[in-house]
Structure formats: C-alpha cells, structure tokens
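K.L.:
Got a structure for you, questions after.
The values are calculated or read from the model by the stated rules, or taken from the named source; none is laboratory data. Remember, predicted model here, so these are calculated numbers, not experimental data. Here the Cβ positions follow ideal geometry from the backbone for every residue, glycine too, while neighbour counts run over all protein chains shown.
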C-alpha cells in the first residue's frame, strides 16, 4: 500500500514517484493550494495539492483530522524549508489521493491533553500522540536491549506458568476458578520466584524472563494490578557475582537506551546505614540532606516525647535540617506535620532560625539556652534554616523523617539533576510482627540468612541479617534480590521461625523442599521492575505512561470496561457464585 | 564458585588448575581410583581422585547420584580417550572436593523414563535429563530467533494486558474475581486480538508479542490451558504482504534453529481444494493419498446411503484408496470404522481388492459388474488395495475421510520424511450453526470478507469467502491470520450477520467500533503457535515436552499441586463463594 514511510521521505527521493499511507495530521487550504501534513509512525511529510488537479483537490479540500489516506505523488524540493523535520526539505505533489477510512470528529486532538480518564478511555488516540509514541518506544527499546544483553551472555529465556498455585505468603493472590476441579482455584503468580529456583535445581544455570506478575493490592500511583519484571536467577553464585553482573548490565542498558553513564561502581550501603542517614531503604541520593541522631543531646530535656524515645533501646530521636526552611509559614509547617503523620508520626517538632538568628520553636522552652545552642550546632543549622525533629520507635521515625526529607527535597528544589544508583545490602532477615506475635520475612521466606549455622540463626533471629540486596536509583527500588536458601534443613528452619509449621510447609512448599533435597545448587537472583525503569528512562513520574494499556488506580480498564459482571450461568460452569447473588 | 564449565573443559586447559561446580552424574570406585562424572548444563567431565589423596578420596568414595559438588583440580590428558564427549580427551585430577549439597535417593534416575505423571511431579529432575534440556533449548532458540528477526525489521514488541474483559465469543474464558468491584470479573485473554488491532489504530504500524493466551477448554493431547503464540499485526497491508513476510520469516527461522530448508515459495491451496482433496483444512502433504469424489458413479446404485448423499447438493460421496490396504483384517477395518465414527461417520463402506484381484466388499452387491469396475478404475485402485467410502453431509464426510486418510498414512508407513508447508486461503466467512439457527464466524468476527460491498456480503453470506489464511506444516496449523475489518460500517454488518445485536455489539465491542471510527488503517496479521512449532522442531509429538511446566490433560500442575482449595475467608474478600459450599 506504500513505497515509503511518510517520515522518511527526504531529498534523496526528489523527482521520484512515491506512494505513502498515513493519517491526516492537518489539512489546510491556503490560497488555492491544499497542504496536508501526512503522518505515520516515522513522522510527518507535507503533501501539496494544486488547484489545477481538480479531482484530487476536491478530495484534499474535504479532509478532516485523522482521515486515513493513501497518497501517490512526486517528491519535489520545497521552497520554505522546515529544519525541524527530517522531511522538511521536500514536499510530495499529490497525483492521487485515496481515502482509506474517514475519521469521525475526535473526542480530543493530538496536541491536547484531555485528562487521564479520557486518555485511557480512548487509549488508541492517546497513544497516537508523539510524546506517548516516544515513551512507549523507550520501553520497547529497554526490553529489547535487556534481552539482547542476556541472550549474548548465555541466559536462557524460560517461560513459567501464569495459572499456578495460591501461596498465601506475601501479597493477596488473584484467583481463577478451575472448571475441571470444582471448588478449586488457580492463582496468578506474584512472581516466578519458586519456578526460577526450581529451574536452577533443574540445571538451567542462568535464567531470565520478562515476566508478568500480579498482586491484588490497593493501587497507589506507582502500582498496577499486573506489572512486568525482568526476573533472573543464577546457579553457583554468591551475592557479589549477581550484583556485579547486573550492575554492569544496568550501566550498559542506560548507556544504550538513553545515553546515560551511571557511576561505576555503584556506591554500596547497608540497610542500617540507609535507614540511619536517610530514613529509607531506598534513599534518593540526589537530595543532599541527612538525618542526624540527637538522642544524646535531648535525653534530659523536659520534653517527654523526646526523653522517652531517647531512653528506649528501640527508639530514635532524629533531626533533619532544611537549609532555607525558615521561610516556611505556619500553614506550610502544618502540611509537613500532616505529611509525616501519614507515615506514622504523632507530631513533628521544629526549630526555626530566622535570617536574623532568632529562634522560633514550640520546643525551645524545654531546653536551657546553651543546650539549645548545642543542639542547633550539632545538626549544623544556620540562620534561615528549619530543623524538624522526629521521636518514637526507630523504624517509625525513619519512615516519617524519610518522608519529610523527600518532601523538603522537592519543595526546596534540592533534588539535583542526574542519576544516583546505589546498592542497599544487609537487610534484616525478619521483622517482628507485634500484632501476630511472630516473625515475618522482610524479603521472602526463601532468602538465605548471612549465617550458615541453623542454631546461630535461631539464637539471634531478631538481629539476623539476610543475603538480600536492592538496587536503588533516584529513590526508587528498581531491583531486588537475594541469595536463596539451597539446603532443605535451613529452609525448614526458616519456615519454622516464620511460624509456618511442618505440615503447612509441606502443603504449600513441599515441592520446593523436595527439590532442595534432590541436588539443589547454591543459587541467587534478582528481579527488576521494568515499568519503573522505563518510566525513569522516559522521564515520566507515572508508570501508566509506559504501559500500553494500564488500569486506573480504581483497577479498571476504561477502554474495554473491565472488570464487568458475568452471567450466573457462566459462573455456574466454574462452580462459583457471587456472594449474596442469586443461586 | 567456578572458573570453567564442566562440559567445556578440553585439551587447551591441560596443565591448568580449574574449579568446577556441578552434579555427580556417576561416581565409581575402580581399583583404588575414584571416577566422578561431573555434570553441568554444558556437559560432563571426568574427575579422577587417586587413593593417595586420602581426604579427598574419602569424600569421593561416599558420593551419591546428583550430589552437588565444587571440585578443584588440574586438567590432565587422558589415557583412554572418549571421542563422544567434548571433554573426552582430558580428566581433572581433584585436589579438593566440597559437597555443596547432598542429594537424597532420587525417585528416578536421569537415564530412566518413569512415565509422565512422575516426570511432571518431579519436573526439576525430568528437566535435568539431556534430551529434555535439548528440547527446552530448541524452544528457547526458536523464540530468540523470532525476536531477533522481528526486532531487526522494525516490529515493536508491545505488551497487552492479562487481566482484561470477558468476551463471550469463541472459547470459554478464565475469569478472575475483582476484589475492588464486587460481583465483577476480569477475564484472561484468549488472544491479544482486539488489543493488537487497537495498536494499529494507535499508529504502531508493526507489532509483535510472544503472548500468553488462555482457553478454558477440554484438554486434548496437543492443547494446554495456557499457551504461547507469536502474535503479529501489520498496518496498511493486504494478505500477500503478511503472507510473504511471515513465510520468509518461518523459512529463515527453520534454517537458523534446526538447519532445515523449507520450500520456497510455500504451495498455496484454497480451503475448498484442501477439503476436497484431503478432507482437512490443515492437510498433511507428507501423505500422498487423496480423496476422490465418486457421487457421479454411485448416484444410481442401490445403496441408499450413497444415493441420498450423491443427490444432496450439500452432500458428498468420497473414496480413499489405500495402496496395500487389502492386508487389513476384518478387525482392523472395524478399527477404521470406529476411528471414522469419532469424526461423525455413520459407517465406512469399503472395497477390498485381493492380490489376486478378487473383490471383497459389503457394497459390491449394489453395483453391476461394469459399474463396480468403473468405480474401481476411477479411484485408481489395483490389486492389493482397499478403498474406503464415506457418504453424508459435505463437511462431515471431509472430516472423517480426512481422519481415515491420516490413520492410513501412519498405519501403512506412507508419511514421507521432511517438511511440507503450505498456505490454506479463501476460508468461508461463516458457518451455519443448525442448532442456534444462525451464522458463526469460521475464524473470528473481526476477519474481513473478500467483498468490500456490504449489500453483496449480506446477499451471499452463506458462500462468502473471508480474507483469512492459515499456515500449515505437516498437518499442523502452525499459524492463522487474516486481514481485519477496518471500516465501522462493515464491522457492524458482520456483527449483525452473526446475530450480535447493536446493543450487544456496543456493550462488548464498543471500544473497537469507536476505534474503527476514529481513523483506523487497513490492517491484518497472524498468530503462530510457539508450543507446536517448538515441538515440531524438537521432534516430539507432545507440546508438553517443550513447555517447561506444563499441565496434565486433567488441567493440573502435578509439581505445585495446582489448582487447590482456597479458604472461604479469602473467597469472601473477592465477593465469591463456591457453589454449594458454605456461606
């Protein structure tokens, strides 16, 4: 239907007859000449129709936005050169135009942004817009580059099932009624974790997959019900083998896809250090602000919130200095407090130092003059700064002061340009769940502990460190992985510590325990969030911009109108019914 | 953990110290020397431990099958060269052995085939077997080669959703209860059909995806609940553009992956011709047998089954000559009749010609001598042959006589070696469903008819031909596609002919009709069955051999034990319950 792409017609074709096909980007009638901007995925070319070609002119004059055309014509040099277009030196003098499909008046035009609901409902129009085409292509090139990198290095791209077994650990499963097994269900995989471990036991040595994963969780701005990860696993490795390999891969891919050189090597930081300095296990190093521990300086002040936390072995009192923060109004400070409250803060104390050096602070009264001065000096605050204080349980203080740090970084323009990757390592093995009165796995129950000795792990479970690691980039956890447990006795011991009894462990993970028992190599791996990395590369905050057909935060596909009700007869075949619905 | 792979240790390394890691394929103690065949994914190398190295010898002497080892040693030339192994000229004299993981006694050994149930339950052991590794790698290389081919030609690899909308046309959907939308369900896609059409409307021009698809249908030997297809779509094309492109692709991929040259060009055949000559829309051309129409010769015979079909405009009387078939016993002939009955036959008449030329046939009595001779001459039967006859409705006769043809081909060793691809084209647009008293789409409701004129399509719907096409290889439909409808008025007309009312069409496919209305280019595409192509390439009859974790014909994953019952509390969160189960 065409001999050339619109966007690639250039001066090398002058004098030739070409056939093009594409969309009417704009058509305008200018003093007896009709100009059509004809667009395809490669770009736009100007088609010119002169009045003396009456039949073709009549067609051209009646065109509307987005009509689909086939155009035949001769390429000619253009008088008014447009340097912004590859095709800007030429025009196509149309000898024939066929309207392949008329377009009805559009709900919005390519150069508008009509709001996300409308964009998602008419996703095919949204995706036609040049910036959306660019962002989708960034994602496509990312995945292509990753595959090429891994294929060239002996990794095997292996598919794992989508209809699999429910594993009630972790996030909520999506379930699928099994028609052939009344009352039973498949589950969609939260990740291919167990299958990739099984592949290592099966001798595949190096595995990867661009894998669709599913989590039925409340959607936040950066989450989708289904998401895509680069899933990888290596046999016969330690953590540095995995980390070094994928660090080099990520560097190569950033260079290839968006021409960015990432630091070599990535800085490394323990989980404990990241929490202490940044209040986060995925610190955004572009923001040059750090938390400062002040328990020593406040432990005898009269403010009970501070003194209680300062004397609690599991408490923390942390300060964050924001340069220039004295400009915050009372209302703005309240907004910071409200923001901190979302992350568990019960109150956000502060000391403001005016440009003139005057102290304004609701907690100043609890400190003698020189104690206050010492505190201010300790956090390095100067005139014009504000210092926020958080006190309470260690992890809670980290969480909300980390959130305050991020907000301040954005509000005060303290986020530097560029790319700041790092490794976070030495995660705790377990978290203590107060409510359930048991340990939960910080990563997942298959992560190996740093110690090889089961008795030692049992004796020091609360402080045990795992062999997990995260790759962080500009405040995003873009990859997470670990060395896995490969010994069945250690796996059983970890299940036990997590309160998973022997019987339950067999029922849920019997095949894994068997597999570990029949010659499992030491192994480890990592998974990268493709949606997030693509969004970072494309320069957008929303992963929905780099997912071709995303769902809303309300878990709906506005274009196809999913989910939708299903006739009861169809449910009956699947042996289920809607609760409270008719039988 | 290793410096080299076991399977790659060769004479270039003689004298060097290497560290290897792998599985104990065999360990044997032979006159004071211990030999270990150490295996990894690259192959096997012989590790030798001499008695004078007492500590290492003790470890080696205690090894069992599949123990996982790390071995350090020096590579040495071997006395008894084993030419069958790449490593056969060397051995590794072990200076240290570390047992990384002991293996328990195995349920079966690598060189056994314990039956499919056991294989699937212990899939990790099954996949370790060299022939399974080979078959999986054939699949991996197939997918890799396809991606590389398409990436190099401007195709965009684009993901479409797995959680999507139920479309009650076609096969049965898998459903997923939507927690955030009580009483509503997502469906798993039967194919990305509508999304890929939408991508064409969105201007992506060339799309592909290695896509997981789901059909909740009874499993036959060659079907899985979830399967993988290479899904492709092209904008601004006619059928020959698509066919020529993918034909060249398939040829290139067969050459690259299994070094096979397929015919160039593929032969082409209309659906009508394929049915007439082979009784199948996916004829296996390796079998040099054809159906022969004999209605003219039997229309006046006394056998009512023949005469009725011969006088019915929609009937058929077809014969199939099987050379050498006179050797079939009465019991074997009954087996053919039973086989035909599975495909709708009500009886299978035959004429047997003994080596001496004697006729044995239950229908001979209906024919005068010279009529019988004429019939035998018409089908070209000679001494020692058998001729089967089928009579009835046209398509039914095709189906069961086609099945008889395939069985005879196999039974009589008439399936030639090699690869016989072809295109089948000009499929009927509709089939008349007697039960529902309406048309159903032979392909799918988005396939374009050969005629552009709606009135003409309506007037001749029963005989209308579509722009669909299948690629067939050795009797397998390996790819199927079509030019799609791109005009909204034609799409509405086809929905109407299929008995899908305007309201229903809007509810189910409103977004498609809208999309066609807002500037849809002419487009078409195809989808290839990756599992089947991989099985053909790997030389196995079972697609389960080329799927890493397949389900049984009973729709179960025997390794993880999916599907499984789910606690009612968990179902309550999803607003569903098991029918007849407790509330």
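K.L.:
Looking at B:365, B:410, B:346, B:331, which one is over 30 Å from residue B:473 (Cβ atoms), assigned by TED's automatic domain parsing to the domain that holds residue B:307 and touching a strand residue (DSSP E or B) at 6+ places or on another chain (Cβ under 9 Å)?
P.N.:
Being over 30 Å from residue B:473 (Cβ atoms), assigned by TED's automatic domain parsing to the domain that holds residue B:307 and touching a strand residue (DSSP E or B) at 6+ places or on another chain (Cβ under 9 Å) holds for just one of B:365, B:410, B:346, B:331, which is B:346.
K.L.:
Scan region A:107-117 and give yes if some residue there is in contact with a helix residue (DSSP H, G or I) (Cβ under 7 Å, 6 or more places away or on another chain), within 23 Å of residue A:36 (Cβ to Cβ) and either in the same structural domain as residue A:41 (by TED's automatic domain parsing) or without any contact (Cβ under 8 Å) to a residue 60 or more places away in the chain (or both), otherwise no. Before you say what the answer is, go through the steps one by one.
P.N.:
Residues of region A:107-117 in contact with a helix residue (DSSP H, G or I) (Cβ under 7 Å, 6 or more places away or on another chain): A:107-108, A:110.
Imposing the further condition that a residue be within 23 Å of residue A:36 (Cβ to Cβ) reduces the set to A:107-108, A:110.
Filter once more, so that each one left must be either in the same structural domain as residue A:41 (by TED's automatic domain parsing) or without any contact (Cβ under 8 Å) to a residue 60 or more places away in the chain (or both): A:107-108.
Yes, because at least one residue in region A:107-117 is in contact with a helix residue (DSSP H, G or I) (Cβ under 7 Å, 6 or more places away or on another chain), within 23 Å of residue A:36 (Cβ to Cβ) and either in the same structural domain as residue A:41 (by TED's automatic domain parsing) or without any contact (Cβ under 8 Å) to a residue 60 or more places away in the chain (or both).
K.L.:
A further question follows. Which residues, taken from region A:503-537, are in a helix (DSSP H, G or I) and over 29 Å from residue A:224 (Cα atoms)?
P.N.:
Selection gives A:503, A:504, A:505, A:506, A:507, A:510, A:511, A:513, A:514, A:515, A:516, A:517.
K.L.:
Kindly indicate which of A:200, A:275, A:249, A:232 is farther than 26 Å from residue A:320 by Cα and out of contact with any strand residue (DSSP E or B) (no Cβ under 8 Å at 6 or more places or on another chain).
P.N.:
Sole residue among the options that is farther than 26 Å from residue A:320 by Cα and out of contact with any strand residue (DSSP E or B) (no Cβ under 8 Å at 6 or more places or on another chain): A:249.
K.L.:
In region B:559-583, what count of residues is obtained for those that are in contact (Cβ under 8 Å) with a residue 24 or more places away in the chain, assigned to a loop (DSSP other than H, G, I, E, B) and either more than 7 Å from chain A (Cβ to nearest Cβ) or more than 24 Å from the chain's Cα centre (by Cα) (or both)?
P.N.:
Result for region B:559-583: 2.
K.L.:
Here is a further query. Considering only region B:538-558, I want to know if a residue exists there that is at the interface with chain A (Cβ under 7 Å from one of its Cβ atoms), at pLDDT 95 or above, outside any strand (DSSP E or B) and surrounded by 21 or more Cβ atoms within 10 Å (Cβ to Cβ).
P.N.:
Yes: one or more hits.
K.L.:
Within region A:516-530, take every residue that is crowded, with 23+ Cβ neighbours inside 10 Å and more than 8 Å from chain B (Cβ to nearest Cβ) and give me the one that is nearest to residue B:1 (Cα to Cα).
P.N.:
A:523
K.L.:
Additional query: Could you identify the single residue in B:48, B:12, B:17 that is at pLDDT 95 or above, away from chain A (no Cβ under 12 Å) and out of contact with any strand residue (DSSP E or B) (no Cβ under 7 Å at 6 or more places or on another chain)?
P.N.:
Just a single option satisfies the conditions, and that option is B:12.
K.L.:
Check off (1) assigned to a loop (DSSP other than H, G, I, E, B); (2) in contact (Cβ under 8 Å) with a residue 24 or more places away in the chain; (3) within 8 Å of another protein chain (Cβ to nearest Cβ) for residue A:180 and give me the number that stays unchecked.
P.N.:
With respect to (1) assigned to a loop (DSSP other than H, G, I, E, B); (2) in contact (Cβ under 8 Å) with a residue 24 or more places away in the chain; (3) within 8 Å of another protein chain (Cβ to nearest Cβ), residue A:180 is out only on (2).
K.L.:
While we're here: I'd like to check which strands (runs of 3 or more DSSP E) are fully inside region B:204-298 and have at least 1 residues that are buried (at least 22 other Cβ atoms within 10 Å of the Cβ) and either in contact with a helix residue (DSSP H, G or I) (Cβ under 7 Å, 6 or more places away or on another chain) or within 14 Å of chain A (Cβ to nearest Cβ) (or both).
P.N.:
Output list reads B:206-214, B:226-235, B:291-293.
K.L.:
So if I check each of B:480, B:499, which one is outside any helix (DSSP H, G or I), surrounded by fewer than 20 Cβ atoms within 10 Å (Cβ to Cβ) and out of contact with any helix residue (DSSP H, G or I) (no Cβ under 7 Å at 6 or more places or on another chain)?
P.N.:
Step by step, each of B:480, B:499 is checked, and only B:499 is outside any helix (DSSP H, G or I), surrounded by fewer than 20 Cβ atoms within 10 Å (Cβ to Cβ) and out of contact with any helix residue (DSSP H, G or I) (no Cβ under 7 Å at 6 or more places or on another chain).
K.L.:
Residue by residue through region B:125-144, note down the ones that are in contact (Cβ under 8 Å) with a residue 60 or more places away in the chain and facing chain A (nearest Cβ under 10 Å). Explain how you work it out, then say what you get.
P.N.:
Of all residues in region B:125-144, those in contact (Cβ under 8 Å) with a residue 60 or more places away in the chain come to B:127-128, B:132-136, B:138-139, B:141-143.
If the condition is that a residue be in contact (Cβ under 8 Å) with a residue 60 or more places away in the chain and facing chain A (nearest Cβ under 10 Å), then B:127, B:128, B:132, B:133, B:136, B:139, B:141, B:143 are the ones that fit.
K.L.:
I've got another one for you. So in region B:20-38, with the set limited to residues that are in contact with a helix residue (DSSP H, G or I) (Cβ under 8 Å, 6 or more places away or on another chain) and surrounded by fewer than 23 Cβ atoms within 10 Å (Cβ to Cβ), which one is nearest to the other protein chains (Cβ to nearest Cβ)?
P.N.:
Restricting to residues being in contact with a helix residue (DSSP H, G or I) (Cβ under 8 Å, 6 or more places away or on another chain) and surrounded by fewer than 23 Cβ atoms within 10 Å (Cβ to Cβ), the top hit is B:27.
K.L.:
Could you list, in sequence order, the residues of region A:145-171 that are more than 7 Å from every other protein chain (Cβ to nearest Cβ), in a loop (DSSP other than H, G, I, E, B) and in contact (Cβ under 8 Å) with a residue 12 or more places away in the chain?
P.N.:
A:153, A:154, A:155, A:167, A:168, A:169, A:170, A:171
K.L.:
Sticking with this one: Considering only region B:299-312, how many residues are assigned to a loop (DSSP other than H, G, I, E, B) and more than 21 Å from residue B:402 (Cβ to Cβ)? Steps first, please.
P.N.:
Filtering region B:299-312 for residues assigned to a loop (DSSP other than H, G, I, E, B) gives B:299-303, B:312.
Within this subset, residues satisfying the condition of being more than 21 Å from residue B:402 (Cβ to Cβ) are B:299-303.
Residues in region B:299-312 being assigned to a loop (DSSP other than H, G, I, E, B) and more than 21 Å from residue B:402 (Cβ to Cβ): 5 in total.
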